[in-house]
1. Filter region 98-135 down to the residues that are closer than 21 Å to Ala35 by Cβ and either surrounded by fewer than 20 Cβ atoms within 10 Å (Cβ to Cβ) or among the hydroxyl-bearing types (Ser, Thr, Tyr) (or both) and list them by number.
2. Within region 171-178, can one find any residue that is of a type in the set (D, E, K, R) and closer than 24 Å to Tyr78 by Cα?
3. Could you check region 229-266 and list, in sequence order, the residues that are of a type in the set (A, V, I, L, M, F, W, C) and either at pLDDT below 95 or more than 24 Å from the chain's Cα centre (by Cα) (or both)?
4. Report whether or not Thr185 is under 19 Å from Glu210 (Cβ atoms) and out of contact with any Phe, Trp or Tyr (no Cβ under 6 Å at 6 or more places or on another chain).
5. Starting from region 28-47, keep only residues that are more than 23 Å from Arg92 (Cα to Cα), then list their pairs with residues that are exposed (fewer than 15 other Cβ atoms within 10 Å of the Cβ) and basic (Lys, Arg) whose Cβ atoms are within a distance under 8 Å, requiring at least 6 positions of separation or different chains.
6. Residue by residue through region 186-211, note down the ones that are closer than 19 Å to Ser130 by Cα, within 18 Å of the chain's Cα centre (by Cα) and in a loop (DSSP other than H, G, I, E, B).
7. Having 3 or more residues that are within 14 Å of Leu145 (Cα to Cα) is the bar; report the strands (runs of 3 or more DSSP E) wholly within region 76-123 that clear it.
8. Filter region 146-170 down to the residues that are of a type in the set (Ser, Thr, Tyr) and in a loop (DSSP other than H, G, I, E, B) and list them by number.
Amino acid sequence: NAGGDLQAALNNAKCGDTIQLQAGATFSGKFIVPAKNCDANQWIIIRTSSPDSALPAEGQRATPCYAGVASLVGRPAYNCSDPTNVFAKVERQTPGDGPFEFANGANFYRFVGLEITRPAGVKGSARLMSILGTADHIILDRSWLHGQPQDETRNGFQMSGGTYIAVIDSYFNDFHCIASTGSCTDAHALTGGVSETQDGPYKIQDNFLEASGEGVMFGGGHATKTPTDIEVIGNHFWKPWQWMKGNPGFVGGPSGDPFIVKNHFELKNAQRVLVENNLMEN
């Protein structure tokens, strides 16, 4: 329930358990997702307490509507006749990466129906989800990951060191780094391929992906392996026009400096990649 100890729940969870987070509640902190040595028959599920009937069906994209947000300025309209918050929010209120970090060896976790973010005004350029070492069989499903309109948030999910990772039916927005006065240069919704372990397979399917640097990027830093077997299918890549200085409604950093805007999709190091049926705009 609201006010409960999410870290204790993660620590005490057994393979096959489901941890339900009270819909509409906010769980604040840095949460380490521990290694449990689970298997394909015993996933640990971390999800909203809302029933499946309150969420989009599997295979349909979640939007901020499910967190009670009817629309986002400058973004494509999404169908939201009844903006009701059925998600649980997880955030880190202090500088640094988080709220979720996967401990080395974490495996067989599925996240469903969560809003994962950081509050406005927190300094530094965080990664909302990241892997400490290696992790495998992680699914992020029908969730909303976002930064704040003027703050820096560097990554939605830093997947380096991951194998069998899926990000599906989810919504990512407001990942950006600020020119001149910021603490980062390249922001991503999803990134990987900077690892000394084998990365992949990865499935990135049916997501809304907005980042000032790249919506999806593999490579770009020290690595001894090549990320392999990557599917990027049916996603909507987007950059809002209000990020362009001089446009009506311009939004940049608190200093007035614009965000560092680059491209939608980039590979510096990858092999066996399928990019199919994506819409890339602006």
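The values are calculated or read from the model by the stated rules, or taken from the named source; none is laboratory data. Here the structure is a predicted model, which is why all the values come from computation and not from measurement. Note that we place each Cβ from the backbone using ideal geometry, even for glycine, and neighbour counts take in every protein chain shown.
1. Filtering region 98-135 for residues closer than 21 Å to Ala35 by Cβ gives 98-112, 114, 116, 127-135.
Selection gives Ala103, Asn104, Gly105, Tyr109, Arg110, Ser130, Leu132, Gly133, Thr134.
2. Yes.
3. Phe250
4. Spelling it out, Thr185 is indeed under 19 Å from Glu210 (Cβ atoms) and out of contact with any Phe, Trp or Tyr (no Cβ under 6 Å at 6 or more places or on another chain).
5. Pairs found: Lys36/Lys14.
6. Asp186, Ala187, Gly193, Val194, Asp199, Gly200, Pro201, Asn207
7. So the answer is 88-91, 114-117.
8. Selection gives Ser160, Ser170.
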